[in-house]
Structures are given as C-alpha cells and as structure tokens.
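The values are calculated or read from the model by the stated rules, or taken from the named source; none is laboratory data. Please read all numbers here as calculations on a predicted model, not as lab measurements. Positions of Cβ are generated from backbone atoms using ideal geometry, with glycine treated the same way; all protein chains shown enter the neighbour counts.
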Amino acid sequence: MASKPNLDHPVFKIVKEAFPAVRFRATEFRGQSTLIVEPGNLHKVLAFLRHDDRCDFNFLSDVIGIDYLDYPTPMPGRFSVIYNLVSYTRDDRLFMKVFLDPSLPTDGIDEDPALYLDSVCDIWPGAEWTEREVFDMFGIRFRNHPDLRRILLWKDYPAHPLRKDYPLRGRGERETYRVIDRTDA
C-alpha cells in the first residue's frame, strides 16, 4: 500500500506564513519533503530556515546539481540546484530546490547570466566546497562566493562535464595530455 504524500510538512506552513508574497511549490517522494522556490527568493528563504528557531536547519548536508536535458517529463528549467538541509534539534530533513534555465548554448564554458545563484556560504560556511563542485561540474555560478574556482578539474578545462550535452567520450582532452613518466619527476 502506498503511503500518503507528506505535503503538510510543518515547515511548509511556517515558511509560507513568513513569506506570503513568495510563490512556493512542494513535493514529497518516499517520505522526503522538497520545497521549490524561485532563484531570486532562494537566499532569503534559506537564511530564514537556518536562523528561525521553529525551523533551525543548522546543517547543510549537501548542495547538488541536476541536468534535466531530455528528461521524459517537462521541468520548469533545465538545471536544478538542491540544498539538503538537516535540523538536528528536530531530527528532520528538508530539501530546497531551485530551477535554472540557460540563456546561452551549454556546449561550452561560456558564462551564462541565467545560471547564477546567490551563495549560501554566509549562512553555512561549509557550502564553499559543494558550491564549487556544482560550479565545476555544471557551470552554475554562485554570487558572493568567497573562492569560486574549479575544485575537481584544472582551471582552463574547456567545459562542465556533468552537463548532459557533454560527449561521453570527452572532446579529445585525453589525447592532448602530456605523458609524464618517472624520469620527468
């Protein structure tokens, strides 16, 4: 027997009361609740969830990116960034999700003004590494990030490899590597 969706998560009501003019969407999957917000409202809602005593999401477990290119169901944007929040005081978890739609072709490394979010490093300092990973792999940039640079790939890498339009075999990067052996060390 399927369980009933938990769309009456207590935090949903608190957030809606705190931001009556903001449009939210909520989903539930396998007992995990997700609150979807527009990019312009993301930072202030996350700050509220962190600092309000009724919510007290004192730990940011992860920041992840998703590319919905060729997804079978239409999505509000091609990319999403998801924040995995944990409240240790209430033993509760909440996912915040934001969708972004590119305004430029995504087959290169061009800086797209539509793929920007405000950094949450001022709310959770541990977001520095996870935001850098999302930037490196998906090309989503974070305003006011203290050190936004690549974390897994080298500085001049010509693309963002977790984008679904990145070729599975790469673009010839391996063929241009300089082979280093023990005599070079």
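Restricting the first member to segment 136-156 and to residues that are over 17 Å from residue 64 (Cβ atoms), and the second to residues that are crowded, with 16+ Cβ neighbours inside 10 Å and among the aliphatic types (A, V, I, L, M), the beta-carbon pairs closer than 8 Å and six or more apart or on different chains are 143/117.
Results for (1) out of contact with any Lys or Arg (no Cβ under 6 Å at 6 or more places or on another chain); (2) at pLDDT below 95; (3) more than 22 Å from residue 9 (Cα to Cα); (4) among the basic types (Lys, Arg), shown as yes or no for each residue.
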residue: 50; (1), (2), (3), (4): yes, no, no, yes
residue: 65; (1), (2), (3), (4): yes, no, yes, no
residue: 74; (1), (2), (3), (4): yes, yes, yes, no
residue: 90; (1), (2), (3), (4): yes, yes, no, yes
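Here residue 144 clears all of (1) at pLDDT 95 or above; (2) touching a Pro at 6+ places or on another chain (Cβ under 6 Å); (3) surrounded by fewer than 17 Cβ atoms within 10 Å (Cβ to Cβ) except the condition numbered (2). Are there any pairs with C-beta distances below 8 angstrom linking a residue in segment 75-100 that is free of Cβ contacts under 8 Å to residues at least 24 places away in the same chain and of a type in the set (Gly, Ala, Ser) to a residue that is buried (at least 16 other Cβ atoms within 10 Å of the Cβ) and assigned to a strand (DSSP E or B), with the two at least 6 apart or on different chains, and if so which? These pairs meet every condition: 80/65; 80/66; 80/97; 80/98; 80/99; 80/100. Pairing each residue of segment 52-68 that is on the phi > 0 side of the Ramachandran plot with any residue that is of a type in the set (Phe, Trp, Tyr), provided the two are 6+ apart or on different chains, yields C-beta distances under 9 Å for 56/88.
Residue 114 meets all of the listed conditions (1) touching a strand residue (DSSP E or B) at 6+ places or on another chain (Cβ under 9 Å); (2) touching a residue at least 24 places away in the same chain (Cβ under 8 Å) but one, namely (2).
Restricting attention to segment 1-21, the residues being modelled with pLDDT under 85 and more than 12 Å from residue 34 (Cβ to Cβ) number 5.
Condition first: crowded, with 19+ Cβ neighbours inside 10 Å, assigned to a helix (DSSP H, G or I), touching a Leu at 6+ places or on another chain (Cβ under 9 Å) and of a type in the set (Ser, Thr, Tyr). Can you find one or more residues in segment 83-96 that meet it? The answer is no, given that none of the residues of segment 83-96 is crowded, with 19+ Cβ neighbours inside 10 Å, assigned to a helix (DSSP H, G or I), touching a Leu at 6+ places or on another chain (Cβ under 9 Å) and of a type in the set (Ser, Thr, Tyr).
Taking the criterion of being over 25 Å from residue 56 (Cβ atoms) and outside any strand (DSSP E or B), the residues of segment 115-133 that qualify are 115, 132, 133.
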